Amino acid sequence: MSTVHHDVTQLPPPRVEEVSDGVFAYIQPDGSWWINNTGFLVGERGVISVDACSTVRRTRAYLDAISSVTPQPVRTLINTHHHGDHTFGNHLFGGATIVGHEATRSNILQWGGPKATAPFWTEVDWGDIVPEPPFLTYTDSVTVWSDDLRADVRHVGVAAHTTNDSIVWLPERKVLFSGDLLFNGGTPFLLQGSVAGAVQVLEEVIEPLGATTIVPGHGAVAGPELIDDVLGYLRFVQATARAGRDAGLSPLQAAREVDLGAYADLRDRERIVGNLHRAYAELEGGPLGRSIDAAAALTDMVAYNGGRPLTCLA
């Protein structure tokens, strides 16, 4: 198995894209490990941000980008889920009300910060991260307003990318901030969520919205065709898990033997191993999103990567 790594260490700079009037996506190339997208809504009296970034440097650059668009302060920060690439920078949004699902709060508190990333990823200069969870929480949904523009923040109802995924949906504009329920150009990752649940959410929650513009958690802004692309990968993972389990293979063995085919060029393809760990667990039964041995799965991902830590360019 050839080592999975990035050949390019100098990434293009982040960019701001106005996806609708007063609605902006902040896209961070190349969208690989810990390099996420965010977004913001600009109103007359303040800004609503969708997610923070992973490092102090990246979050400060994002705040500078907002300031280049508007002098208004960020009054509200929404976290789409608990993962650190979307939340480690929360503490830099001074004075903002941080909004998130109840389980997003509890998972951030449990995680504690970047120290948990070692030794699975290459070294990153995180900066002085102070974990700061949402302090306004909800169980199902909450609505925030940018002037008269409605933004529905909805928990998706079942484990998918994580157990606490929320979307930010602008019904008047048909714009969706999907968090990590959707990746564009990168391999989806379900280790802390559910493959079956992700399929269910995309089919039953995301597709019926009829979004025309999607800001994914990672990768370029897309249209609704991205939903089918991700569904295809998720079904591929499920089929690979069934075949591997029937053949008596471990998730790592199944990952090494499978031809990734159309998905071979997705970034961070070593995620197939973690996804198979999750899919194998689902074949055994039990509640979707139940706890599994994430350290064992990540260790197998490093093995698939030729024994090298996973490449993080954040």
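The values are calculated or read from the model by the stated rules, or taken from the named source; none is laboratory data. Computed from a predicted structure; not experimentally measured. Quick reminder, even Gly has a Cβ in these numbers, built from the backbone with ideal geometry, and neighbours come from all protein chains shown. Quick note on the areas: whole protein, heavy atoms, side chains included, nothing else; ligands and nucleic acids left out. Shrake-Rupley method; radii C 1.70, N 1.55, O 1.52, S 1.80 Å.
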Scanning the stretch 161-188 for residues that are open to solvent by 10 Å² or more (accessible area, probe 1.4 Å) and out of contact with any His (no Cβ under 9 Å at 6 or more places or on another chain), which turns out nearest to SER32 (Cα to Cα)?
TRP169
Search result, residues across the stretch 54-76 that are in contact (Cβ under 8 Å) with a residue 40 or more places away in the chain and either touching a Lys or Arg at 6+ places or on another chain (Cβ under 9 Å) or closer than 24 Å to ALA160 by Cα (or both):
SER54, ALA65
I need every pair where a residue in the stretch 180-195 that is assigned to a loop (DSSP other than H, G, I, E, B) has its Cβ under 6 Å from the Cβ of a residue that is modelled with pLDDT of 95 or more and aromatic (Phe, Trp, Tyr), sequence separation at least 6 or different chains.
PRO188/TYR233
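Checking the condition modelled with pLDDT under 95, open to solvent by 10 Å² or more (accessible area, probe 1.4 Å) and not acidic (Asp, Glu), which residue from ARG58, ARG45, ARG75 passes? Talk me through it step by step, then tell me what you get.
Values: ARG58 fails: modelled with pLDDT under 95; ARG75 fails: modelled with pLDDT under 95.
It is ARG45.
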Is the stretch 143-159 home to any residue that is farther than 16 Å from THR59 by Cβ, free of Cβ contacts under 8 Å to residues at least 40 places away in the same chain and not in a strand (DSSP E or B)?
yes
Selection from the stretch 128-148 of residues aliphatic (A, V, I, L, M), open to solvent by 60 Å² or more (accessible area, probe 1.4 Å) and closer than 24 Å to VAL23 by Cβ yields LEU136
Scan (1) on the phi > 0 side of the Ramachandran plot; (2) within 21 Å of the chain's Cα centre (by Cα) for the single condition GLY285 breaks and write down its number.
(2)
Among the residues of the stretch 208-216, is any in a strand (DSSP E or B), within 25 Å of LEU260 (Cα to Cα) and in contact (Cβ under 8 Å) with a residue 40 or more places away in the chain?
yes
Checking ALA220 against (1) part of a strand (DSSP E or B); (2) touching a residue at least 40 places away in the same chain (Cβ under 8 Å): exactly one of these is not met. Which one?
(1)
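Residue check: is ASP140 among the acidic types (Asp, Glu) and more than 20 Å from THR55 (Cα to Cα)? Before you say what the answer is, go through the steps one by one.
Values: among the acidic types (Asp, Glu): yes; more than 20 Å from THR55 (Cα to Cα): yes.
Against the criterion (among the acidic types (Asp, Glu) and more than 20 Å from THR55 (Cα to Cα)), ASP140 qualifies.
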Sole exception among (1) open to solvent by 10 Å² or more (accessible area, probe 1.4 Å); (2) over 23 Å from HIS101 (Cα atoms); (3) β-branched (Val, Ile, Thr) for VAL237, by number:
(1)
Considering ILE48, ILE108, which residue is β-branched (Val, Ile, Thr) and out of contact with any helix residue (DSSP H, G or I) (no Cβ under 9 Å at 6 or more places or on another chain)?
ILE48
Look through the stretch 261-314, keep the residues that are part of a helix (DSSP H, G or I) and among the hydroxyl-bearing types (Ser, Thr, Tyr), and return whichever of them is least open to solvent (accessible area, probe 1.4 Å).
TYR304
